[in-house]
1. Going by alpha carbons, how many degrees (0 to 90, nearest 10) lie between the helix axis of 62-72 and the longest principal axis of the chain?
2. For the chain, what is the mean residue ellipticity at 222 nm derived from helices alone (per DSSP H run of n ≥ 4: -39500 (n - 2.57); sum divided by total residues; nearest 500 deg cm²/dmol)?
3. Most exposed first by the Cβ proxy, i.e. fewest other Cβ within 10 Å, how do 30, 139 rank?
4. Any idea what angle helix 11-28 forms with the longest principal axis of the chain, computed on alpha-carbon atoms, 0 to 90 degrees, nearest 10?
5. How many nm is it between the label spots at residue 52 and residue 145, if each spot is 7 Å from the Cα in line with the beta carbon?
6. Helix 93-106 against the longest principal axis of the chain: what's the angle in degrees, Cα atoms only, rounded to the nearest 10?
């Protein structure tokens, strides 16, 4: 789990991150510092390989394993600088224009929290309701949290990588 400024989290997301932190010692009997020391013994160097090793070797599930590993091996991906992540993602002028137009509309909605990820830009209120990612050719793919039965042309989400 990257270290993200609370300004970029919804209240629900802040509560979720806190519950992961608080439950670690209670449910495992080890402190975060204990788990970080264990994680640093991992023979793997790639993030996904570390996660797999940690889960298989110590039986810690995804969220807590990700949290411990993020503390043991802090990211250099720039999570602390969402504007830099955004600029690195939206490099093509035409896709950036799409992003700017969508964000301008979304930010007119009340209580929107902007969340920048490495591969897409997201907007939330209580939960994430929209995400936009650039695709080749200066275009963008918009994902909206809508029920497919809202309109006959909508389709359920597909995991297309």
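Here, each number is a calculation from the coordinates, and none is a lab measurement. Remember, predicted model here, so these are calculated numbers, not experimental data. All Cβ positions, even for glycine, are placed from backbone atoms using ideal geometry, and neighbour counts span all protein chains on display.
1. That works out to roughly 70 degrees.
2. -13500 deg cm²/dmol
3. Neighbour counts put them in this order, fewest first: 139, 30.
4. 20
5. According to this spin-label approximation, the distance is 3.1 nm.
6. 90
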